[in-house]
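The values are calculated or read from the model by the stated rules, or taken from the named source; none is laboratory data. As the structure is a computational prediction, the values presented were derived from the model and not from experiment. Positions of Cβ are generated from backbone atoms using ideal geometry, with glycine treated the same way; all protein chains shown enter the neighbour counts. Side chains included, ligands, DNA and RNA excluded: accessible areas come from the protein's heavy atoms. Shrake-Rupley method; radii C 1.70, N 1.55, O 1.52, S 1.80 Å.
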Amino acid sequence: MSPVPPQLSFATGPDLVCFRVRGKPTLDLSGHLRQAAERLLGAGHTHVVIDLSECPSVDSTFVGVLIYLTKAVQKTTPPGRVALLEVGDLVRHQLDSLGVLDRFDLAARRGGELRFEDVALSPAGKAQTAWLCLTAHRDLIEANAANAEKFKDVVEYLEKDLRRLAPPENG
């Protein structure tokens, strides 16, 4: 059986936005999740639910975006929360190994169905992807100092790559 291609969709409620992740998140999916969440939080939603029932595993960039979302909802009025819905054993282990499992509310699916809309997953440019990965890994380090040693080389590489891809403007 071939893996499910990654898909991202969302639905909204009065103060809630719910994202459904299908398949293993890619860099593009992580970037689109962050962009869509920023837009919807800016529109007044304060709580974020991420349905991971069809997400077999995650990578550090995706987890870093989730950490970013926990910080973003804390800045809303009133401060919100991020809940992860139907987290599988492997994803739970991956979050725990990064020391961030306690940053999320874990929940099971409840009754009622939301109407989801797909998010188009267009490829990001190299500089945008490097920036997303860099900020995601910095957020992981900020969330748990033990991640500094794990991601030190990744952050250093991404900083150099980003300087190469998007040098500062002279001015």
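Put simply, the amide H of V49, placed in the peptide plane, has neighbours under 5 Å in V17, C18, F19, A83, leaving out anything fewer than 5 places away on its chain. Charged side chains reduced to their Cβ positions (Lys and Arg at +1, Asp and Glu at -1) give the stretch 1-93 a dipole of some 220 debye around its Cα centre.
About the centre of its Cα atoms, the stretch 28-171 shows a dipole size close to 360 debye [charges on the beta carbon of Lys, Arg (+1) and Asp, Glu (-1) only; nearest 20 debye]. Here is the list for the stretch 139-169: GluC sites (Glu not before Pro) lying in DSSP coil, each with at most 10 other C-beta atoms within 10 angstrom of its C-beta, are E169. Of (1) 18.0, 62; (2) 16.0, 51; (3) 16.1, 57, which is the value of Rg and Dmax of the Cα atoms in Å derived from the coordinates here? Among (1) 18.0, 62; (2) 16.0, 51; (3) 16.1, 57, the one calculated here is (3). Counted by Cβ distance under 15 Å from L90, the other residues give a net charge of -3, where Lys and Arg count +1 and Asp and Glu count -1. Segment K71..L106, full-extension length gain: 10.9 nm, with 0.36 nm per residue of separation and the alpha-carbon distance subtracted. Split the accessible area of the stretch 1-84 by element, probe 1.4 Å, and carbon with sulfur accounts for 58%.
Enter the accessible area per residue of the chain (Å², integer; probe 1.4 Å; all protein chains in place). I get 55 Å² per residue for the chain. The residue among V58, Y157, G13 whose Cα reaches farthest toward the positive pole of the charge dipole of the chain, with charges on the beta-carbon of Lys, Arg, Asp and Glu, is G13.
The distance separating the Cα centre of the stretch 1-62 from that of the stretch 74-125 comes to 7 Å. Neighbours of E54 by Cβ distance under 9 Å: Lys/Arg scored +1, Asp/Glu scored -1, total 0. Normalising the average separation of contacting C-alpha pairs (under 8 angstrom, six or more residues apart) by the number of residues puts the relative contact order of the chain at 23 percent. Over the residues of the chain, the helix contribution to mean residue ellipticity at 222 nm works out to -15000 deg cm²/dmol, using -39500 (n - 2.57) for each DSSP H run of at least 4.
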